[in-house]
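Structure first, commentary second.
The values are calculated or read from the model by the stated rules, or taken from the named source; none is laboratory data. Just so it is clear, the model here is predicted, and its values are computed rather than measured. Cβ sites come from the backbone with ideal geometry, for glycine too, and all protein chains shown count toward neighbours. To get the accessible areas, we keep the full protein, side chains included, count just its heavy atoms, and leave off ligands, DNA and RNA. Shrake-Rupley method; radii C 1.70, N 1.55, O 1.52, S 1.80 Å.
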Amino acid sequence: MAAIPVMIAPRSPTSTVAPPAGALVDTHGRIHRDLRISLTDRCSLRCTYCMPEQGNEWLARSSILSLDEIETVARVAADAGITTFRLTGGEPLLRTDIVDVVRRLSRIESPRGPVTIAMTTNGIRLPEFLPALIDAGLHRLNISIDTIRRDRFHELTRRDRLDDVLAGIAAAAASPLRPLKLNAVAMRGVNDDELVELVEFAVAHDAQLRFIEQMPLDAGHTWNRNTMVTREEILDALSARWRLDPIPGRGGAPAETWLLDGGPHTVGVIASVTAPFCGNCDRLRLTADGQLRNCLFSTSEFDLMPVLRSNAGTPNAGTPDAAGIEAVLRACVWGKLPGHAINDPSFLQPARGMNAIGG
Ligand code: SAM
C-alpha cells in the first residue's frame, strides 16, 4: 500500500493558503480521514431535538447532489487522503439510488487502500435494503434509537414507527456487519430513566450503545445547557449496573468507550458538550446541497456547486474539475477552527438543523 505523504502545516496564524498537496491537514496539524456525506435532508421521523414537527424548509431538489456528483467529490477526497465515507442525512435510506451510491463509493481506492463505507440510519428501511447494501459494499452501520418504549418513541419522533426501527435493528444484528452501533441521545425527562435498559437492549443485539450528549442543533433552538444530560450523569447511571473499564486508544473517534463488567460488551459516550474532542477531530462534512463544512457547528460553508456544475450545458459537461474541487476541499480543511464554541458565551447555533447538516 503506497504511503500518502504527510505535509505538516506550519501553525502560524499568518498561513492563509492551504497546502496544494499532501494529506488534508489543517493549521492545527489535524489530518482528515473521514468525510460524512449527507444524501438528503428529508427524514421519515421528526425527532424533537433535530427537526420541527411541521414547516421545515426543505432543500430545493435541483440543489441536491446527484449520484455522479457525489462520486466525483468522493474520488477527489479519497485521492487527498479520506479513507472513510459515512452516509447520513436526513435519512440516507430515503434516497432511491442508495444502493448505487454505496456501490459507486465502495469501489473507490484511496492511496491508502480501499475506503470504508459506513452509514448512520434510523433503520426503518433496513429490512428492505440491507442485503443489497451489503452486496454493494457497505461495511458498517450505526442505527439511532433513543427509546424502546412505544408511546415515548411516538412522542419523541412524532411518528409511530418503533416496530419498523426494531425490525431494522434485528436485520442488522442478523447480518455480518460488525461492529454494530446504536446511537441514543440522552434527554432529561424523556429517556434518562431508560439508559440501562437501552444498553441491555444493545447487548442483546450484539451491538454497542453509544449515548450522545444533546447538542444545540435542534430546529426549534430549544437546547438548554442546564437541562441536558451530561456524560457524568450517564456514567453514574450505568455504573450502578456495571463495572465500567475505560478502553484506551480512542484516536479520532467521537466516542469514549468502556468495557461492561470486563467485556466483551462495551458502551460508548459522545460528550461533545461537556468533554469536547475537537483536538483529535478528523472529520469533514458534505451537505446534500454540495456545501463542505469543517465542523458540525460551523457557521460558514465552502460551496462546491460552482466547481461541480461549472461545465453544465457546455461540451465539457460531465468532465469533473478535480483540481477545482480539491482546492475547495483544502480551503475548507485549512479554515477549520481549533474547536467548536458551544461552551463560549458568544456561541451561535448554525442556521441549518442537524437534518440538513448531516449527523
Ligand atoms: N436519519 C439518520 C439517523 O436517524 O441516524 C441519520 C441522520 S441523524 C441527524 C444522525 C444522528 O444525529 C442521530 O443519531 C441523531 O440522534 C443525532 N442527532 C440529531 N440531532 C441531534 C442533537 N441535537 N444532539 C445530538 N445528536 C443529535
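Among the criteria (1) more than 21 Å from Val203 (Cβ to Cβ); (2) open to solvent by less than 40 Å² (accessible area, probe 1.4 Å); (3) touching a residue at least 60 places away in the same chain (Cβ under 8 Å), the one Gly268 does not fulfil is (1).
The residue list Leu133, Leu166, Leu93 contains one member that is modelled with pLDDT of 95 or more and touching a Phe, Trp or Tyr at 6+ places or on another chain (Cβ under 7 Å), which is Leu93. Annotation: Asp146 fulfils all but one of (1) outside any helix (DSSP H, G or I); (2) out of contact with any strand residue (DSSP E or B) (no Cβ under 6 Å at 6 or more places or on another chain); the unmet one is (2). When residues in the range 149-204 are screened for being in contact with a Leu (Cβ under 7 Å, 6 or more places away or on another chain), more than 29 Å from Pro52 (Cα to Cα) and part of a loop (DSSP other than H, G, I, E, B), 2 of them pass.
With the requirement that a residue be at pLDDT below 95, more than 16 Å from the ligand (Cβ to nearest atom) and of a type outside the set (Gly, Ala, Ser), what does the range 15-60 give you? Result: Thr16, Val17, Pro19, Pro20, Gln54, Glu57.
Could you list, in sequence order, all residues of the range 228-245 that are farther than 14 Å from Ile270 by Cβ, open to solvent by less than 70 Å² (accessible area, probe 1.4 Å) and assigned to a loop (DSSP other than H, G, I, E, B)? Hit for the range 228-245 is Trp242, nothing else. Scan the range 188-207 for residues that are farther than 13 Å from Leu260 by Cα and open to solvent by less than 10 Å² (accessible area, probe 1.4 Å) and the total you get is 4. Of all residue pairs spaced 6 or more apart or on separate chains, those with beta-carbon atoms under 7 Å, a first member in the range 209-220 that is open to solvent by 10 Å² or more (accessible area, probe 1.4 Å) and a second member that is among the polar types (S, T, N, Q) and assigned to a strand (DSSP E or B) are Arg210/Asn183; Ile212/Asn183.
In this structure, does Thr299 turn out to be of a type in the set (Val, Ile, Thr), touching a Ser or Thr at 6+ places or on another chain (Cβ under 9 Å) and open to solvent by 60 Å² or more (accessible area, probe 1.4 Å)? Answer is no for this residue. Does at least one position in the range 108-128 carry a residue that is crowded, with 19+ Cβ neighbours inside 10 Å, on the phi > 0 side of the Ramachandran plot and under 21 Å from the mean Cα position of the chain (by Cα)? Scanning the range 108-128, I find at least one residue that is crowded, with 19+ Cβ neighbours inside 10 Å, on the phi > 0 side of the Ramachandran plot and under 21 Å from the mean Cα position of the chain (by Cα), so the answer is yes.
With respect to (1) open to solvent by 10 Å² or more (accessible area, probe 1.4 Å); (2) in contact (Cβ under 8 Å) with a residue 12 or more places away in the chain, the lone exception for Ile169 is condition (1).
Inspect all residues belonging to the range 211-224 and state whether any of them is assigned to a strand (DSSP E or B), among the acidic types (Asp, Glu) and out of contact with any helix residue (DSSP H, G or I) (no Cβ under 8 Å at 6 or more places or on another chain). Scanning the range 211-224 turns up no residue that is assigned to a strand (DSSP E or B), among the acidic types (Asp, Glu) and out of contact with any helix residue (DSSP H, G or I) (no Cβ under 8 Å at 6 or more places or on another chain).
If the condition is being open to solvent by 50 Å² or more (accessible area, probe 1.4 Å) and touching a residue at least 24 places away in the same chain (Cβ under 8 Å), then the range 136-154 contributes His139, Arg140, Arg149, Arg152. Name every residue in the range 68-95 that is within 16 Å of the ligand (Cβ to nearest atom), part of a loop (DSSP other than H, G, I, E, B) and not charged (D, E, K, R), in order of residue number. The answer is Gly89, Gly90.
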